[in-house]
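Okay, so here's the structure we're looking at.
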Amino acid sequence: MLSYYELRKGVQFIYEGQPYEVLEFRQMGKSQDVVVAQTKIRNLITGRVLPKNFHQGEVFEEADLIKFHAKFIYANRGKFVFAYTDNPGKRFELIEEQVGDAAKFLKLNQEVEGIIFQDKIINITLPVKVRLKVKESPPGVKGDRSQGGTKAATLETGAVVQVPLFVESGNTIEVNTETGEYTRRLEKGE
C-alpha cells in the first residue's frame, strides 16, 4: 500500500479501480496544519489527466502492471499500431487519447514499452529521451536574443520544439519526452 506522501512523479497506483500515473506532485500546507498533496494524475487506460488533491490519511494500492518491449509500426486515423519486439506478427493498437502527448514524438520503428493491466494492453511509454531529426528550422540570426537565443524547429514527427539558434535543418537532436524540451544536439556518428 502507498501513502499519499509516496505519490511522487512517475508512481503508478490504483485510484477508483483504474491505474493512474502521477505526473506532478506538490505538497501544500493548509490552515490548521492540514497537509495536502496536490497532484496531476493521468489515467493509463483513457489518457485523461486530472488535477487531484489527496489528504494525509489516504492510502492506495500499487498498480500491478506488466511491461513488455514493443515497436511503433504506423498511425492511421487516430489509431496507433504497435508490434511486440520479440514477435512482430503480434500487433495491437491504441487510440490517440490513450497515447496522449507521446504521439508527437513517435517515429517509425521506435522502441517503446507496452503496459498490461488485468491481461489487457492499456498504454505505452516512450524512453525519457528520443533522437529526432530536425526537418525545418529557420536560420538563427546573430543578435536575435529577444527569445533568449532559441527558435522553433519542426521535427521529423511533426512536433515543434524550441531549440538553440545554432541548430539547423538536418541536425539530429535529443528531446526529453516528459517535458517536450530540447536537451542537446548530437554530433555526426553519435
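Any read-out appearing in this document is the output of simple, stated calculations on the displayed coordinates, not a laboratory observation. It should be emphasised that the depicted structure is a prediction, and the values quoted were computed from it without experimental measurement. As a convention, Cβ positions derive from the backbone with ideal geometry for all residues, glycine included, and neighbour counts pool all protein chains shown.
Can you tell me the dipole magnitude for the chain around its Cα centre, using point charges on the Cβ only (Lys, Arg +1; Asp, Glu -1), in Debye to the nearest 20?
Here the chain has a charge dipole of around 700 debye.
Net charge near Ile14: determine it from the other residues with C-beta under 15 Å of the C-beta of Ile14, scoring Lys and Arg +1 and Asp and Glu -1.
-4
Would you work out the charge dipole size for segment 1-78 about its Cα centre, treating the Cβ of every Lys and Arg as +1 and the Cβ of every Asp and Glu as -1, and quote it to the nearest 20 debye?
540 debye
DSSP loop (so not H, G, I, E, B), at most 10 other Cβ within 10 Å: list which GluC sites (Glu not before Pro) in segment 8-85 pass both filters.
Glu16
Determine the dipole magnitude for segment 66-125: charges of +1 sit on the beta-carbon of Lys and Arg, -1 on that of Asp and Glu, nothing else is charged, the reference point is the Cα centre, and the result goes in debye to the nearest 20.
180 debye
Given 10 Å bins starting at zero, what is the percent of C-alpha pairs of segment 1-144 in each, up to the one with the largest pair distance?
All Cα pairs considered, the percentages come to 10, 34, 27, 17, 9, 2.
If you take the charge dipole of segment 64-130 about its Cα centre, with +1 on Lys and Arg Cβ and -1 on Asp and Glu Cβ, which of Leu108, Val130, Asn87 is farthest toward its positive end?
Leu108
If you average the C-alpha positions of segment 100-126 and of segment 42-83 separately, how far apart do those two centres end up, in angstrom?
Rounded to whole Å, the Cα centres lie 9 Å apart.
Can you give me the relative contact order of the chain as a percent, contacts being Cα pairs under 8 Å and 6 or more apart?
Reported relative contact order: 14 percent.
Lys and Arg at +1, Asp and Glu at -1: add these up for the other residues within a Cβ distance under 14 Å of Arg91 and post the number.
+1
222 nm [θ] for the chain, helices only, -39500 (n - 2.57) per DSSP H run of 4+, per residue, to 500?
Calculated from helices alone, the mean residue ellipticity at 222 nm is -500 deg cm²/dmol.
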